[in-house]
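A.B. asks: Just dropping this structure here.
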Amino acid sequence: MSWENNIRKVVPYVPGEQPVRKDIIKLNTNENPYPPAPGVEKLLQDFDWDALRLYPDTKATVLVEELAARYQIKPSNIFVGVGSDDVLAMAFLTFFNSEKPILFPDITYSFYDVWADLYRIPYKLCPLDEEFKMVAEDYKQENGGIIFPNPNAPTGVLETVEMVEEIVKANPDVVVIVDEAYIDFGGVSCLPLIEKYENLLVVQTFSKSRSMAGMRIGFAMGNEKLIGYLNDTKFSFNSYTMNMTSQVLGAEAVRDNDYFMECNAKVMATRERTKVRLKELGFTFPDSKTNFIFAKHESRSGAEIFEALKERNIYIRHWNKPRIADYLRISIGTDEQMDKLIEALKEILAQ
Ligand code: PMP
């Protein structure tokens, strides 16, 4: 016997590296290469530091109201959290509470199985097809809930709203979570479906398209009842999750929609340009509708290219996992950063 017998043992999620050094071309965690909206800088400078004596608004009212206005829904349809990871962790705890396995794709965001293991939720993987597309039929078997990103990560593949609706419609007895972390880079959101389906939760984040990964803001949109259940869990866990600055600065980022559209258009233009150049170098990839490209080289291994880029201070992401060990996930940076990446790849491939 040992005290260690009664410990909740988990294998944690491994996030992409956040280097302390500043001379790295960082294309490994899908951050936005552009700064947050200009109004965010101004508000941060003018922030009333004396207010920090007080606890933050537990309901994040300013942020929730701004999001409600932007997405034309009610504040009661919105739940906010400390990044979408926090929102998803609360959603797993709240909605995936049956003996039946939850379903998610075999290649997907690698936090899903970690949360499932943490909460002891049984799960079953549904294999993506050869083109990394989801197979709708797989999600019509008995289950305790469903989650998938759309577009998927790390593949970058977007599924249609019709496909998502087919899955939601076939599963009225469980909650279906669509993780739209990357939806703003050319995808079509399933948000309108929340009017029609009580059991659909759509999750988004400020970390990618709103350039605020450092602020940690995520949100979920869904039927009032679903949001109510999420809030009950959150207030049973930690009432003061989102800090004051995140609430105020997040609201400002939502207000400046022109800047948001402009930055995303730049990222998408750079992505399309990068696709052409990667193809010229012998890479193939599923078509990406995100701020990253999931690419594989015709003759070199994923591990080899990953290491060679790292030596040149260019960080990307690589997983030594079945089916994807030869793929590299490359975040979209500025045109200049992508030019440097392409030059480095040319050098590596010439060796
Ligand atoms: N979902 C997906 C699919 C992601 O790739 C990420 C980023 N790692 C997240 C959720 C979480 O992002 P955040 O907590 O920064 O909102």
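The values are calculated or read from the model by the stated rules, or taken from the named source; none is laboratory data. Just so it is clear, the structure is predicted and the values come from calculations on it, not from any experiment. No Cβ is skipped: glycine too gets one built from the backbone with ideal geometry, and neighbour counts run over all protein chains shown. Side chains included, ligands, DNA and RNA excluded: accessible areas come from the protein's heavy atoms. Shrake-Rupley method; radii C 1.70, N 1.55, O 1.52, S 1.80 Å.
A.B. asks: Conditions first: (1) within 16 Å of I194 (Cβ to Cβ); (2) in a helix (DSSP H, G or I). E137 passes all but one, so which condition is the exception?
C.D. replies: All conditions pass for E137, except number (1).
A.B. asks: Would you please list the contacts, defined by Cβ atoms under 7 Å and residues six or more apart or on different chains, that run from a residue in the range 61-84 that is within 14 Å of the ligand (Cβ to nearest atom) to a residue that is open to solvent by 40 Å² or more (accessible area, probe 1.4 Å) and part of a strand (DSSP E or B)?
C.D. replies: Pairs that qualify, where the first residue is within 14 Å of the ligand (Cβ to nearest atom) and the partner is open to solvent by 40 Å² or more (accessible area, probe 1.4 Å) and part of a strand (DSSP E or B): there are none.
A.B. asks: For the range 29-38, does any single residue satisfy the condition of being modelled with pLDDT of 95 or more, farther than 24 Å from I293 by Cβ and more than 16 Å from the ligand (Cβ to nearest atom)?
C.D. replies: The answer is yes; a qualifying residue exists.
A.B. asks: Same structure again: Just to be sure I understand, how many residues within the range 224-280 are crowded, with 16+ Cβ neighbours inside 10 Å, among the hydrophobic types (A, V, I, L, M, F, W, C) and part of a helix (DSSP H, G or I)?
C.D. replies: Residues flagged as crowded, with 16+ Cβ neighbours inside 10 Å, among the hydrophobic types (A, V, I, L, M, F, W, C) and part of a helix (DSSP H, G or I) within the range 224-280 amount to 14.
A.B. asks: Hey, another quick one. Any idea which of (1) within 30 Å of P56 (Cα to Cα); (2) of a type in the set (V, I, T); (3) open to solvent by less than 40 Å² (accessible area, probe 1.4 Å) is the one T334 doesn't satisfy?
C.D. replies: (1)
A.B. asks: Is it fair to say I293 is under 30 Å from F206 (Cβ atoms), within 23 Å of the chain's Cα centre (by Cα) and open to solvent by less than 40 Å² (accessible area, probe 1.4 Å)?
C.D. replies: yes
A.B. asks: Exactly one condition in (1) closer than 21 Å to W319 by Cβ; (2) touching a residue at least 60 places away in the same chain (Cβ under 8 Å); (3) among the aliphatic types (A, V, I, L, M) is false for V87; which is it?
C.D. replies: Unmet for V87, out of (1) closer than 21 Å to W319 by Cβ; (2) touching a residue at least 60 places away in the same chain (Cβ under 8 Å); (3) among the aliphatic types (A, V, I, L, M): (1).
A.B. asks: Could I ask something else about it? Looking only at residues in the range 191-217 that are away from the ligand (no atom under 16 Å from the Cβ) and not hydrophobic (A, V, I, L, M, F, W, C), which one is nearest to T160 (Cα to Cα)?
C.D. replies: Applying the filter and picking the extreme gives P192.
A.B. asks: Please go through the range 172-190 and give me each residue that is away from the ligand (no atom under 12 Å from the Cβ) and among the aliphatic types (A, V, I, L, M), ordered by number.
C.D. replies: Those that are away from the ligand (no atom under 12 Å from the Cβ) and among the aliphatic types (A, V, I, L, M): V174, V175, V176, V188.
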